[in-house]
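Report on the following structure.
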Amino acid sequence: MRCMYCDCTESKVIDSRSADDDRTIRRRRECIGCGRRFTTYETIEVTPVLVVKSDGNRQAFDVGKIKRGIVKACEKRPVPAEKIDALAEDIAKRVYNSMETEVSSKEIGELVMDGLKELDEVAYVRYASVYRSFKDISSFMSELQKMMEKKEN
């Protein structure tokens, strides 16, 4: 690490502590050349993942957008915020662990629906009704019947 005051490349770490929910390390350093102190931050470099939408457009993957969709589906339901956060983080981990640079919005939607099915059935149906764009009551009922059959088995 190069000193911002004298350009010396030698420094020693005086103090290290985690910052930003343990995703960043804050290091307090002292320059060997001039003795002045400065702070550096170390973070993991994340390879950007693009989401390919159904119309072919691409946009950066945003876990916040997933979380907002889950919150909307769980509105007025007895689902704790911690479980919503955990589901959104789990989906983000799966997307990043896939090692793909592009992922389809359909794959992400399926991951959300799988998680919501375990979390809250009503939230699942709400999300599915928007995600699968049910055209009429029969397609909605067909999805409900699939859920009921799986529950009976």
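Nothing in this text is a laboratory measurement; each read-out follows from the coordinates by a stated rule. All of these numbers come straight from a predicted model, not from anything done at the bench. Please note: Cβ atoms are built from the backbone with ideal geometry, for glycine as well, and neighbour counts cover all protein chains shown.
Gyration tensor analysis over the Cα atoms of the chain returns equivalent ellipsoid semi-axes of 47, 17, 11 Å (largest first, whole Å). The relative contact order of the chain comes to 15 percent, based on Cα pairs under 8 Å that sit 6 or more residues apart.
With only the Cα atoms considered, the stretch 17-62 has a convex hull volume of 100 Å³ per residue. Net charge of the neighbourhood of residue 116, taken over other residues with C-beta under 13 Å away and scored Lys/Arg +1, Asp/Glu -1, is -1. At a Förster distance of 25 Å, what's the computed FRET efficiency of residue 25 paired with residue 94, Cβ-Cβ distance as r, to 0.05? About 0.50, to the nearest 0.05. Segment residue 152..residue 77, full-extension length gain: 24.7 nm, with 0.36 nm per residue of separation and the alpha-carbon distance subtracted.
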